[in-house]
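J.: Below are the structure tokens for one structure; questions will follow.
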Amino acid sequence: MTLLGIDIGTTGCKSAVFSETGDLLAVAYEEYDIQRPQPGWAELDSLEVWEKVKLTIRRAAAQHHGEPVRALAISSMGEAVVPVTRSRQILGPSILNFDVRGARYLDALGQVLSDAELYRINGNTLGNHYSLPKLKWLRENQADLYDRADLFLHWAGFVSFMLGAEPALDYALANRSLLFDVDREDWSDGLLAWGEIERSKLPPLCQAGTPVGVVSRELADELGLPPGVLIAMGTHDQCANSVGCGAISAGRAMYGMGTFVCLTPVFEQRPDPASMIHQGLNTEHHAVPGSYVSFVFNHGGSVLKWYRDTFAALDRKLAQQEGRDIYAELIAEMPPGLSSVLALPHFAPTGPPEFVDDSAGVLVGLKLETQRGDILKGLLEGITFYEREVLDALPGAGITVDTCRAVGGGSKSDAWIQLTADIFGIPVVRPAVTEAGALGAAIIAGVGAGVWPSFEAAVDAMVTLDRTFEPRMNVHAAYEPQYEKYRQIWPLMKGFLRSIS
């Protein structure tokens, strides 16, 4: 018996088959392009992505010749929705969270409901990246599509539905709409009225891992799956990542080291709203019953990619030709001690606590003797300092983080993880499977199918740890003056950076 985890992101999707002990047996990946029909717009061709998802399932199933797949679940990006009919007809594209459409409704919405009132119900503050402003835009500007759509489904619910499940959505993804009541675990009648969205346009809600159907016989034949594969309700990708690395109990946090760095602490009680709003933090259901998560994020791997393309373009080309890992080679150039360069990682709009969108990146301390390895280490230090500022503030909201589980492409680097442990001052653990979204989805599928009685038992069975990076406390102490200098850059330069951005 095996389990299928499907992970759907903004630019690509992955399907992976796992054994009951967490061994990766088969995997397939496909990319797709973001469509930009007008300046500021960003959407996915829903039909193209659905075809790519099916292709990855078919390829993964073809690679695997062992025990049959028993169940599947889906991890997906958060806020984007797909308009469909109840007969499973796809009606239009899926507007992405960074699309500008919907922004003009924010002022009017904010006048009716304050951030504190919204947070009390939903656990989020108002923003254009959520589903609600996009739905309002569709209702006003594409009324025919809005009216013809029986349902607007977030991607994990959409793919489950297209595979044969009943319409459904888990609490975490529902939270990304701004229309969900965290305490009641249902759509909020008050928020639906506030947003002028009909409840009938949204699916029923359930806990992640709830069985919601089986793969239809027609699609099972098309995709090479056995008959009767159970579909368990999936979840938001950050929650699936947390499950896939074993961050399922209070005190642990998932540390995603991908295009964004994202610290996802786990906690069991809703924190004080005032403290969370002050830090720009949300409260969202975890995939694990009785737990919540929040997201501390900023650009990470995207800054590393910028560095590579700016400082090592020729090296990159040669490394590609010779099959070498350019990132590993560049990280090996970093000096053994602290960098002489301080970096403010405002290379793009930031995350919590301020969500700054009118700044710019800063490098401080450049001299003629500065090497490019110093600059790279300064950038990685700045990215980690950014996360630590919010990490240090979490106890004020009643959230503690004793250890991190590192996942994503950056977690392959021992040096980057050790730097993180040294700056945070807590252990950072790398699991054996660092691409944790698909594994987390497979674990959710196993829980839904009754393979294990609980998430705890499933994680014990399927998540294997590779290495623990303990903080070197002498290095942690040496970083303290550097950290304090970093914290001064934005307050000192805020006005100037805003004037030039």
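J.: Hey, can you grab everything whose amide H is under 5 Å from the amide H of residue 154? Only 5+ residues off in sequence or another chain; H modelled, so Pro and N-termini drop out.
T.: Residues meeting the amide H criterion: 82.
J.: Computing the accessible area with a 1.4 Å probe over protein heavy atoms, can you report the carbon and sulfur percentage for the chain?
T.: 51 percent
J.: Post the alpha-carbon centroid distance, region 457-497 to region 218-237, in whole angstrom.
T.: 40 Å
J.: Once phi is turned into θ = phi - 60°, what whole-Hz ³J(HN,Hα) does the Karplus curve with 6.51, -1.76 and 1.60 give for every residue of region 415-425, x standing for Gly and Pro?
T.: 5, 5, 5, 5, 4, 4, 4, 5, 6, 5, x
J.: Additional query: For region 439-501, what class follows from the C-alpha gyration tensor (a ≥ b ≥ c being the square roots of its eigenvalues): rounded when a/c is under 1.5, otherwise prolate if a/b is larger than b/c, else oblate?
T.: Cα axes put region 439-501 in the oblate bin.
J.: Looking at region 31-108, what % of the alpha carbon pairs are farther apart than 20 Å?
T.: 48 percent
J.: If the reach is capped at under 18 angstrom between alpha carbons, list the aspartates and glutamates near residue 494, excluding any in the same chain fewer than eight residues apart.
T.: 354, 357, 358, 389, 484
J.: Amide H neighbours of residue 403 under 5 Å, counting only residues 5+ apart in sequence or on other chains, H built in-plane at 1.01 Å?
T.: 253
J.: I'd like the projected area of region 22-167, averaged over all directions, using the convex hull of its alpha carbons. Report it in nm² with one decimal.
T.: The number I arrive at for region 22-167 is 11.0 nm².
J.: Taking H placed 1.01 Å from N in the peptide plane, check which residues at least 5 places from residue 425 or on another chain put their amide H under 5 Å from its amide H.
T.: Here nothing satisfies the definition.
J.: What does the convex hull of the Cα atoms of region 238-343 come to per residue, in Å³, rounded to a whole number?
T.: 145 Å³
J.: Could you run the Karplus curve 6.51 cos²θ - 1.76 cosθ + 1.60 with θ = phi - 60° over region 459-476 and give me ³J(HN,Hα) per residue in whole Hz, x for Gly and Pro?
T.: Listing the rounded values in order: 5, 4, 7, 10, 9, 10, 8, 8, 7, 9, 9, 7, x, 8, 5, 5, 6, 4 Hz.
J.: Then there is this: Pairs of alpha-carbon atoms within less than 8 angstrom and 6+ residues apart define the contacts here; what relative contact order does the chain have, in percent?
T.: 16 percent
J.: If you don't mind, there's one more thing I want to ask. Rounded to the nearest 5, what % of DSSP beta bridges with both residues in the chain are antiparallel?
T.: The antiparallel fraction comes to roughly 70 percent.
J.: Apply the Karplus curve 6.51 cos²θ - 1.76 cosθ + 1.60, θ = phi - 60°, to the phi angles in region 54-66 and return the couplings in whole Hz, x for Gly and Pro.
T.: Couplings: 4, 4, 5, 4, 4, 5, 5, 5, 5, 6, 8, 10, x Hz.
J.: Follow-up. Give the value in nm², to one decimal: projected area of the alpha carbon convex hull of region 293-406, averaged over all directions.
T.: That works out to 9.0 nm², a quarter of the Cα hull's surface.
J.: I've got another one for you. Whenever you get a sec, line up 499, 242 from highest to lowest accessible area (probe 1.4 Å, protein heavy atoms).
T.: 499, 242
J.: Right, something else. Rounded to the nearest 500, what is the 222 nm mean residue ellipticity of the chain from helices alone, with -39500 (n - 2.57) per DSSP H run of 4+ residues and division by all residues?
T.: -12000 deg cm²/dmol
J.: Tell me the Rg and the Dmax, in Å, that the Cα atoms of region 315-380 produce.
T.: Calculated on Cα positions, Rg and Dmax stand at 14.7, 43 Å.
J.: Hey, another quick one. If you take every residue apart from residue 85 with its C-beta less than 11 Å away from the C-beta of residue 85, what net charge results, scoring Lys and Arg +1 and Asp and Glu -1?
T.: +2
J.: I'd like the distance between the alpha-carbon centres of region 335-414 and region 127-143, rounded to an integer number of Å.
T.: With region 335-414 and region 127-143 each reduced to a Cα centre, they are spaced 34 Å.
J.: Give, as a single signed number, the net charge of other residues whose beta carbon lies under 12 Å from the beta carbon of residue 401, with Lys and Arg counted +1 and Asp and Glu -1. Can you show the working numbers first?
T.: On the way: positive: 252, 388, 405; negative: 387, 392, 402.
Its environment carries a net charge of 0.
J.: Based on the alpha carbon coordinates of the chain, what radius of gyration and maximum Cα-Cα distance (Dmax) apply, in Å?
T.: 22.4, 67
J.: Using the crude model of +1 on Lys and Arg Cβ and -1 on Asp and Glu Cβ, and no other charge, please compute the dipole size for region 72-200 relative to its Cα centre, in debye to 20.
T.: 360 debye
J.: Something else: Mind checking the per residue accessible area of region 43-113 for me, 1.4 Å probe, whole number of Å²?
T.: Values: 3040 Å² over 71 residues.
Per-residue value: 43 Å².
The values are calculated or read from the model by the stated rules, or taken from the named source; none is laboratory data. What you are looking at is a predicted structure, and each value in this text was computed from that prediction instead of being measured. Don't worry about glycine lacking a Cβ; one is built from the backbone with ideal geometry, like all the others, and counts go over all protein chains shown. Ligands, DNA and RNA are stripped out before the accessible areas are found, and what is left, the full protein with its side chains, is counted by its heavy atoms. Shrake-Rupley method; radii C 1.70, N 1.55, O 1.52, S 1.80 Å.
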